[in-house]
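Read-outs throughout are calculated quantities, based only on the coordinates presented, and are distinct from any laboratory measurement. Every value quoted in this text rests on a predicted model; they were computed, and no experiment measured them. When we count neighbours, we look across all protein chains shown, and the Cβ atoms used for this are built from the backbone with ideal geometry, even at glycine.
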Amino acid sequence: MLGGSLAVVAATVSAVPAGAQVAKWPVHSLERPAPPVVQPAPADRPAEPPADAVVLFGGNGLGEWARPGGGAAPWRDTAEFMEVVPGSGSIVSRRAFGSSQVHVEWMAPLPAEGEGQDRGNSGVFLMNRYEIQVLDSWQNPTYADGQAGAVYGQYPPLVNASRAPGEWQSYDIIFHRPRFDESGAVETPARITLFHNGVLVQDNVTLTGPVGHGARPPYEAHADRLPLGLQDHGRKVRFRNVWVRELPERGE
């Protein structure tokens with residue numbers, strides 16, 4: 001696990017111009033080259049959160065989570081993990097965040113069921129609109145911008161660092177929120193750096209806007225802080241050891 005060193009790593013890489021790489025390919029193009037496969041290190045026990053982290057799930061119940069419209073989170077809760085209850089709906093954190101370091105551990109179901117986008121599908125939604133795809137991408141071909149570690153519909157991961165279904169996987173995300181001027185126009189787009197199982201798969205990429213299925217929607221002005229979201233996409237994906245560190249805003 002990479003812990004607090006991620007913020008330093010993210011600060012040393014240069015941003016990809018918004019849309020420069022994305023516009024080359026139609027959204028969800030099956031012709032887009034698949035990332036090469038890289039075998040990550042074996043899964044380890046959960047990493048201890050940093051002292052300044054907000055722990056959203058650590059085996060201590062679903063009190064930090066709710067339905068998007070309010071009310072208790074409807075997912076299965078155990079001492080070790082929380083699990084999607086298919087059809088119950090996505091959940092959001094009760095707290096709101098802006099620019100953040102986010103750590104999430106997740107597991108695709110075993111035995112694997114379905115294929116392509118129908119296998120182990122879920123998602124981590126930063127500000128509940130910018131998605132890092134969760135998918136069982138172990139020996140499971142699908143469109144490149146929709147596999148595990150993708151910024152959904154925009155950037156495929158640099159490599160496929162997936163572990164097999166039934167094994168715990170980790171995401172370490174550095175997210176810089178977008179900034180808007182008084183008119184609602186984008187001053188600075190959002191940026192994401194992502195490590196999947198300790199392997200760099202998104203290198204400070206610049207988002208073209210929020211995610212959409214089969215589309216790339218433009219930015220719409222929104223609050224500086226919004227909840228973190230986890231998706232119900234009809235599969236019993238598990239999550240554990242979810243924590244967030246808020247990052248200082250540039251200029252503050």
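Projected onto its three principal axes, the C-alpha set of the chain covers 46, 41, 34 Å, listed from the longest axis down.
Sequentially through the stretch 178-194, phi angles give Karplus couplings (6.51, -1.76, 1.60; θ = phi - 60°) of x, 10, 10, 7, 5, 7, x, 6, 6, 8, 9, x, 6, 9, 9, 10, 9 Hz, Gly and Pro residues having no value and appearing as x.
Along its principal axes, the stretch 135-248 has C-alpha extents of 47, 31, 27 angstrom, given from the largest down. In plain terms, if you count all Cα to Cα distances in the stretch 32-86 and split them into 5 Å steps from zero, the share in each step is 4, 14, 17, 17, 14, 13, 12, 9, 2 percent. With a cut-off of 17 Å, note down the residues of the stretch 157-181 whose backbone N falls inside the zone around a label point 7 Å from the Cα of R45 toward its beta carbon. From the stretch 157-181, the list is 168-169.
Seen from T193, the other residues with C-beta closer than 10 Å to its C-beta sum to a net charge of -1, counting Lys and Arg as +1 and Asp and Glu as -1.
Per 10 Å bin, what percent of the C-alpha pairs of the stretch 31-156 does each bin hold, from zero upward? It works out to 11, 37, 38, 13, 1, in whole percents. Once the Cα-Cα distance is subtracted from the 0.36 nm per residue extended length, the D52 to S88 segment shows a gain of 9.8 nm. Over the chain, DSSP H runs of length four or greater, each weighted -39,500 (n - 2.57), average out per residue to a 222 nm ellipticity of -500 deg cm²/dmol. Would you look at the GNM of the chain, springs on alpha carbons closer than 10 Å, and say which of E80, E113, E182 moves the most? Comparing E80, E113, E182 in a Gaussian network model of the chain, the most mobile one is E182. Computed extension gain for K24 through A79, at 0.36 nm per residue and net of the alpha carbon distance, reaches 15.3 nm. Between amide H atoms placed 1.01 Å from N, distances below 5 Å from A161 occur with V38, all of them 5 or more places distant or on a separate chain.
Derived scalar couplings between HN and Hα for the stretch 60-68 equal 10, x, 9, x, 8, 10, 8, 5, x Hz in order, rounded to whole Hz, by the Karplus curve 6.51 cos²θ - 1.76 cosθ + 1.60 (θ = phi - 60°), x for Gly and Pro.
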